[in-house]
Amino acid sequence: MSGKNKSFADGLTAAIAGVASRPNATRPHRTIINDRTNRLAEVASGKVVTRTHEFVDPQRCRMWEGHNRDYDALTHENCRELIESIRAQGRQEVPAIVRRLSNDPDFEFEVICGARRHWSVSWLNANNYRDIKFLVEPREMDDEEAFRIADLENRAREDLTDYERAKDYLLGLERYYQGRQKTMADRLNVSEAWLSRYLDLARLPEAVTKAFVSPHDIRLKHVMQIKPLIKESASREVVYQAAERIASLRTKDQTYLVEPAAVARELEGAVAAELGHLRRRGASGTKRGVTAITRETDGKEIVKIDIKSAKRLQVTFVLPELRSRQEMEEAVRLLTDRYWPAQD
């Protein structure tokens with residue numbers, strides 16, 4: 001018997017007999033059998049979960065139709081850090097979660113989580129890094145489980161926009177939970193109120209989202225500003241008209257109202273002004289608050305309006321933005337047009 005095997009046998013015999021090692025006994029050498037036995041014991045106890053990872057050709061992978069990432073919106077710019085990280089490491093470190101396909105001759109895997117990783121490796125392959133492969137972790141799961149896994153992995157990612165997540169939730173609500181919002185919230189382990197805010201964003205009509213440079217710029221806080229404005233038909237029509245005007249002006253000047261917060265304020269201001277007209281005509285009142293008038297050419301705030309009551313406005317002209325008589329006259333005209341429009 002070899003020395004290594006004799007040590008293993010001695011240790012095994014001692015363990016079975018329950019005999020303590022002698023103080024001067026030689027400690028058994030580590031062997032392959034010992035390592036494998038310990039590893040199997042850890043797996044059996046549930047302390048270690050084994051996963052199979054594979055390096056594959058990204059061209060053999062397709063995106064799952066329920067994926068929550070807008071794959072077409074990915075660019076070298078918004079994937080730059082990931083691309084540089086993979087290139088520096090010489091490989092992808094974190095595997096994408098995929099399902100193995102059996103009925104598609106063109107693709108072997110379906111990507112559940114990992115669209116940016118897939119896009120980045122594909123870009124590297126197309127740019128002289130053919131040796132870098134796509135690291136995947138194949139799993140078996142149904143569509144609802146895939147939806148929950150994808151959501152859990154991407155929920156804390158800052159590179160996934162509120163709009164992408166919102167659209168994904170709205171699709172999942174009908175596809176997997178038959179429109180039952182409470183059931184969906186329970187399955188995702190989130191509150192109904194939290195989920196509701198994302199669904200509100202996903203349901204914003206295009207007549208509103210067109211006011212923003214991109215729907216991906218809209219955040220939950222902007223939805224909280226806009227949602228009350230489109231509840232009633234009168235204010236909703238004002239929002240639609242204001243959004244159309246903003247979009248039209250931006251086609252002439254791409255720098256016009258590019259900040260989403262400024263767009264939300266402009267929509268609020270349009271409604272506040274118009275509801276002021278309606279109130280003077282006998283309609284129910286508007287909420288008090290501060291709004292602003294922005295210059296049409298550059299979106300700068302030139303007049304601030306504090307709505308004190310149905311009969312009182314406090315108007316402040318922003319003098320640093322009004323550098324000439326012509327600009328001051330423009331501010332007065334915009335204020336007059338908002339609260340005292342010309343009668344047809």
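The values are calculated or read from the model by the stated rules, or taken from the named source; none is laboratory data. The model shown is predicted, which means the values in this text are computed figures rather than measured ones. Ideal geometry is used to build each Cβ from the backbone, glycine not excepted, and the neighbour counts take in all protein chains shown. Heavy atoms of the whole protein, side chains included, go into the accessibility calculation; ligands, DNA and RNA do not. Shrake-Rupley method; radii C 1.70, N 1.55, O 1.52, S 1.80 Å.
Before I look further, what does segment 122-168 give for accessible area per residue, probe 1.4 Å, in whole square angstrom?
It amounts to 51 Å² per residue over segment 122-168.
Which entries in 182/308; 182/210; 182/231; 133/210 show an alpha-carbon gap greater than 29 Å?
Check vs 29 Å cut-off fails for 182/308; 182/210; 133/210.
Please compute the net charge surrounding residue 86, taking Lys and Arg as +1 and Asp and Glu as -1 over other residues with Cβ under 9 Å from its Cβ.
That sum, taken over residues with Cβ under 9 Å, equals +1.
Taking the full set of protein chains and a 1.4 angstrom probe, give the accessible area of residue 85 in square angstrom, rounded to the nearest 10.
My reading of the accessible area for residue 85 is about 60 Å².
How many angstrom lie between the C-alpha centres of segment 75-111 and segment 113-172?
8
Would you mind getting me the FRET efficiency between residue 155 and residue 327? Use the beta-carbon distance for r and R0 = 41 Å, nearest 0.05.
0.30
Full extension from residue 78 to residue 143: what is 0.36 nm times the residue separation minus their Cα-Cα distance, to one decimal in nm?
Here the segment from residue 78 to residue 143 would lengthen by 20.6 nm.
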